[in-house]
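J.: I'd like to ask some things about the structure below.
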Number of protein chains: 2
Amino acid sequence: MATTKNIQSIERAFAILDLFQQLGKNELSVKEIAEGLHLNKSTAFGLINTLASLGCLEQDRSNQKYMLGLKLLSLASTVQTQNVIILSVHPYLEQLNHMYDETVHCAIRNGDGVVYVDKVDAGSIHISTQIGSQNDMHCTGVGKCILAYLPPSTQDRILSKHMRSMTYNTITNALQLREELDRVRRQGYATDNEEISVGLSCVAVPVFSGPETVACAISVSGMTVRIRTAVEHGLVENLKRTAAAISHEVFDYDYDPRLD
Amino acid sequence: MATTKNIQSIERAFAILDLFQQLGKNELSVKEIAEGLHLNKSTAFGLINTLASLGCLEQDRSNQKYMLGLKLLSLASTVQTQNVIILSVHPYLEQLNHMYDETVHCAIRNGDGVVYVDKVDAGSIHISTQIGSQNDMHCTGVGKCILAYLPPSTQDRILSKHMRSMTYNTITNALQLREELDRVRRQGYATDNEEISVGLSCVAVPVFSGPETVACAISVSGMTVRIRTAVEHGLVENLKRTAAAISHEVFDYDYDPRLD
DNA sequence: CCCGATCATTCAGTAATACCGAATACTTTC
DNA sequence: GAAAGTATTCGGTATTACTGAATGATCGGG
C-alpha cells in the first residue's frame, strides 16, 4: 500500500485528528497535542493552525483549546452520497427494516476492523451504533462475515491480536473463533448472540462481489427475544436472498445462497 | 483566523478531498486531480498516495481511480460523539420529534453557510437532508435564524453573493431577505415556506449562547400542510421554549423567548 | 494589584522536506 | 504488436516546514 514515502505533514495532520478519538477528549490544547504526538510545540501549532483554517479543527475562544471541526462532517456527508456500495445497498436495508422493524446495518472492512457505513433505525428501540464507527471483527455479526472470507494470512494476523471481551458471551479465544468462522462459511450467515452487548443479538450475512470476495456485510439487530422470533419467521433466508440480490444487481455477480 | 502561513501540503490534501464534492465525481484519476488543482502530476501522486495510506482515499483496483475513503466516516463519527452542542442538544431534538412526529434538525454556522449537524427522522416521511451537508443560509429556516444575528459586515458579505433560487418561493433578492431577517429578529423564529423544496415547510428558532450570539438553530420540518397544523397547535411557542431551555441548560445563558 | 508561572503564538535561521521534470512501468486500444 | 495514455518511481534541488528562542496573553496566588 504505502509504497512511496508518505508526506510527513499530512500524516501528522491526521494524527492530530485521530488523537481526539484515541484520547477520548473533545478538547485538546496545543501543548497536549504536541506532547501526545511527540512534536515540537511550534510544529504542532503550525499544523493545528492550518487544520483550523480549513475547518477541521475549531478553537474554543474561552480556553483556547481546540476541538474537531464541522468540515469533517461535511466530508463524511460526501462519502455517503458518493460511495457506490453505500448508495446502492441502502434501499435493500430500507426493505429489511420495513419487514422486521429492526435496526439494519451495512458494514465494510477497514483495516483490521469493520466500519458501519449505513444504518436504518427501528421505530421503537434505538441501538447506539454510530455510522462511521470502527468496530472489532470478533464480536460483531458483520465482522465475522467479513473475517470468515479474508485470506488466511490476514485472518491469522487479526486472530493473533488480543480480542477484547465485551460481554459474558464474547468469543476471545482464537481456536473457538476459528470454529465459529468455519460455521459462518458453512452456514452462510453469522450471528452475534449477545457478544457485544447483553440483551442485543444480530444476524448478519456477507455480500459477495466475486468468488470468496466479500464487499460488505448486512445485518439485522435488536433485542435477543425479538431476533429469535424473526429467525423463526425466516430472517436468515431473507437476509441470504437479499445478499444474493445485491450481489447480482450491484456487483453483477451470481451465486447460490444455499437456502437450506 | 489564518494568521500564520498555512502548511501547503495539508491545504493541498484537503483540496483533493474537497475536489470530489466540488466536481460531484465519486472517482477521480491522478491526472484529473492534478489538473483540477493545477498541480504537478507527481506532486499530486505523492499527496494522493499519502491520503490513501491513511484511509482517506481508496483506490479502485480495476481502473486505478481513487475515491473517498472510510477514514472520513470514522472521523465524522468522532465529531458527533464529542461535539458538545450536538451531544447536549440531541435529547431536545428527540423530545420535539416525539411531540410532532416530524423531522427535527440542528444546524451550526460553517463559513457562509450552515451545516446540519444532527437530525431525528419522522416516522412516516423521510426528508433527504444529510447530516454534515453544507446548505445556503438564505433558503433554510435554520440559516435565516443564524444569518439574522451575524454582525452586519458578515451579513453584508453573504447577502451580496448570488442567492440560488431553489423553488418558486425562494427569496433571492437582498432587500427582501433583509426584511425577512428583520422579521426573524422581531418574531424570534424563522420559517421556510417551500423555499428549498416544494411541498416542504419548516419552522426554526435560534439557540442563543449569549446576547446576540447564536450557537446553533433547531427546526421542525415536514409537509407544508402538517407544519401549518402543528403551528396552530403551538409549534412556534414550543420551539421557543425548547431553545430557551437549551440556552439555560447547555450554555448557562438566560433570556426571555417572548411568547406572544 | 502586581508578580510569576504557564501556555499560546510569533519569528528567523536552517536542516530537511516535499516538489518538480524526466524516466520507467503498466494498461488499453487499434 | 505498436502506440498512446496513465500511473508510478527516482534523484537533484529549491522551497518548505521544522526548530528553539523570544514575545505576548492569561491565570492564580500572594
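J.: Considering every residue in B:53-60, what mean count of other chain Cβ atoms within 10 Å of its Cβ is obtained? All intermediate terms of the calculation are to be shown ahead of the outcome.
T.: Working: counts 8, 9, 5, 4, 0, 3, 1, 1.
Whole-number average of other-chain Cβ neighbours for B:53-60 is 4.
J.: Provide the descending list of Cα extents for the range B:8-73 along its principal axes, expressed in whole angstroms.
T.: Cα extents, longest axis first: 24, 22, 21 Å.
J.: Among B:146-155, A:114-123, how do they line up from the highest to the lowest mean number of other beta-carbon atoms within 10 Å?
T.: Taking the mean over residues of other Cβ atoms within 10 Å, the ranking is A:114-123, B:146-155.
J.: Under 5 Å between amide hydrogens, which residues at least 5 positions from B:Gly69 or on another chain qualify, with H placed 1.01 Å from N in the peptide plane?
T.: When sequence neighbours closer than 5 places are left aside, the close amide H contacts are B:Leu57, B:Glu58.
J.: Quantify how strongly other chains surround peptide B:11-20 by giving the mean number of their Cβ atoms within 10 Å of each of its Cβ atoms.
T.: Details: counts 5, 3, 7, 9, 1, 0, 6, 5, 0, 4.
So the per-residue partner count for this stretch is 4.
J.: If the viscosity is 1.002 mPa s and the temperature 20 °C, what Stokes-Einstein diffusion coefficient in µm²/s follows for the range A:170-260 when Rh is the Kirkwood radius over Cα pairs? Before the final figure, lay out each step's value.
T.: Numbers: Rh = 13.8 Å.
D = 155 µm²/s.
J.: State, to one decimal in nm and shortest first, how far the label point of A:Thr154 sits from each corresponding label point in the other identical copies (label point: 7 angstrom along Cα-to-Cβ).
T.: So the label point of A:Thr154 gives 4.6 nm to the other copies.
J.: Amide H to amide H, which residues 5 or more places from A:Ile125 or on other chains are under 5 Å from it, using H placed in the peptide plane?
T.: none
J.: Given the DSSP H assignment, sum -39500 (n - 2.57) over each helix run of at least 4 residues in chain B and divide by its residue total; what's the result at 222 nm in deg cm²/dmol, nearest 500?
T.: Dividing the helical sum by the residues of chain B leaves -14500 deg cm²/dmol.
J.: Sticking with this one: How far, in degrees from 0 to 90, does helix B:8-23 lean away from the longest principal axis of the Cα atoms of chain B, to the nearest 10?
T.: The angle comes out near 70 degrees.
J.: Another one. Just tell me how shielded A:61-71 is by partners: mean number of partner chain Cβ atoms within 10 Å of each residue's Cβ, no decimals.
T.: Per residue, the average neighbour count from other chains is 4.
J.: Another question, if that's okay. Under 5 Å between amide hydrogens, which residues at least 5 positions from A:Val117 or on another chain qualify, with H placed 1.01 Å from N in the peptide plane?
T.: Amide H neighbours of A:Val117: A:Cys106, A:Ala107, A:Ile108, A:Gly132.
J.: Determine which chain A residue has its Cβ at minimum distance from the rotation axis mapping A onto B, giving the value in whole Å.
T.: A:Ala76, 2
J.: A further question follows. Given N residues in chain A, what is its alpha carbon radius of gyration divided by 2.2 N^0.38 Å?
T.: Relative to the 2.2 N^0.38 Å estimate, chain A comes out at 1.13.
J.: Using 25 Å as the Cα-Cα cut-off, could you pick out the over-long pairs in B:Lys161/B:Lys240; A:Lys41/A:Lys65; A:Lys5/A:Lys65; A:Lys5/A:Lys119; B:Lys119/B:Lys144?
T.: Over 25 Å Cα-Cα: B:Lys161/B:Lys240; A:Lys5/A:Lys65; A:Lys5/A:Lys119.
J.: Per q in 0.15, 0.16, 0.20 Å⁻¹, report the Debye log10 I(q)/I(0) for the range A:66-208, using one uniform scatterer on each alpha carbon and no solvent.
T.: -0.81, -0.91, -1.30
J.: Here's another thing I want to ask about it. Measuring from a point 7 Å out along Cα→Cβ, what nm distances, shortest first, does B:Leu23 have to its partners in the other copies?
T.: 3.7
J.: Okay, moving on. In µm²/s, what is D for the protein assembly as shown at 37 °C and 0.692 mPa s, where D = kT/(6 pi eta Rh) by Stokes-Einstein and Rh is the Kirkwood radius from Cα pairs?
T.: 133
J.: Could you give, in nm with one decimal, how far A:His248 is from each other copy of that position, shortest first, with labels 7 Å out from Cα toward Cβ?
T.: Distances between equivalent label points, in nm: 5.9.
J.: Under 12 Å between alpha carbons, and skipping anything fewer than 8 positions from B:Lys71 in its own chain: which aspartates and glutamates qualify?
T.: Qualifying aspartates and glutamates at Cα under 12 Å: A:Asp18, B:Glu58.
Since every read-out is calculated from the coordinates, none of them should be taken as a lab result. These numbers come from a predicted model, not from an experiment. Positions of Cβ are backbone-derived with ideal geometry, glycine not excepted, and every protein chain shown enters the neighbour counts.
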